1. Subtracting the Cα-Cα distance from 0.36 nm times the residue separation, let me have the gained length for D81 to A28 in nm, one decimal.
2. Round to a whole number: what % of the accessible area of the range 1-103 belongs to carbon and sulfur, probe 1.4 Å?
3. For each pair in K55/K183; K117/K141; K3/K67, compute the distance between the two Cα atoms and list the pairs where it is over 23 Å.
4. With viscosity set to 0.692 mPa s at 37 °C, what whole-number translational diffusion coefficient in µm²/s follows for the range 72-122 from Stokes-Einstein and a Kirkwood radius over Cα pairs?
5. For the chain, give the magnitude of the charge dipole about the Cα centre (Cβ charges: +1 Lys/Arg, -1 Asp/Glu; no others), in debye to the nearest 20.
6. Which of the aspartates and glutamates could a cross-linker span from K11 if the Cα-Cα distance has to be under 20 Å and same-chain partners fewer than 8 positions apart are dropped?
7. Working from the pairwise distances between different alpha carbons, so that the mean of 1/r is found and then inverted, what is the range 7-133's Kirkwood radius in Å?
8. Rolling a 1.4 Å sphere over the protein heavy atoms, what is the accessible area per residue of the chain, to the nearest Å²?
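The values are calculated or read from the model by the stated rules, or taken from the named source; none is laboratory data. All values derive from a computational prediction rather than experimental measurement. FYI the Cβ positions are ideal-geometry reconstructions off the backbone, even for glycines, and counts take in every protein chain you see. For the accessible areas, the whole protein counts, side chains as well, though only heavy atoms, and no ligand, DNA or RNA atoms are used. Shrake-Rupley method; radii C 1.70, N 1.55, O 1.52, S 1.80 Å.
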Amino acid sequence: MQKNITIQENKINYTLKVSKRAKRMRLAVYCDGSFVVTTPRYLDQGIIERFIIQKSQWVLDRINYFKSSGHIFFPKSTRADYLKRKEFARQLAKQKVEYFNKVYNYKFNSINIKNQKTRWGSCSSKGNLNFNYKIALLPEKMADYIIVHELCHLEQFNHSQNFWNLVARTIPDYLKVRKEFKKTIRL
């Protein structure tokens, strides 16, 4: 249930979750800046709000920390999000693989778009290239890096220096892009 409260002159939106298993109230601020309050059943709204106000400095500090971290966080995806963006992601991946493979000329089996929670891409031993549908939401340079990274695994199924030399053929500043990617993007 969506609620809001004013804390130190800041209007804060939060999600109230009432749980039959909860034994005490719990506040959580997640990396995407969302604020969730979990409470036991039958707890009065006044008690909930007093508890939030009591912990207001912690709540504001956490929200501000995540907002100012400079990271790009992708919200938890739903099946509807995946289905809505899957075909666009497939076309993007296909186009980029064809473009970069003009340099490499590797044989691959298929390009698949998946809704993965922890991976941006993978390359199977059968030559299948798999990409997370959220690749379509990335800045182009980072999407290119992921495509090339997986494409190069067709030749080098490891992360040896030979592998990185292959990546550098088309993404010469891959170290910079990789560092920026790790610094700013959270799946």
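1. 16.6 nm
2. The C+S portion of the solvent-accessible surface of the range 1-103 is 50 percent.
3. Numbers: K55/K183 30 Å; K117/K141 21 Å; K3/K67 20 Å.
Distance filter (> 23 Å) returns K55/K183.
4. The diffusion coefficient I find is 260 µm²/s.
5. Around 720 debye, computed over the chain.
6. Once the sequence-local aspartates and glutamates are set aside, what remains near K11 is D32, E49, D61.
7. 18.4 Å
8. Numbers: 11880 Å² over 187 residues.
Heavy-atom accessible area per residue stands at 64 Å².
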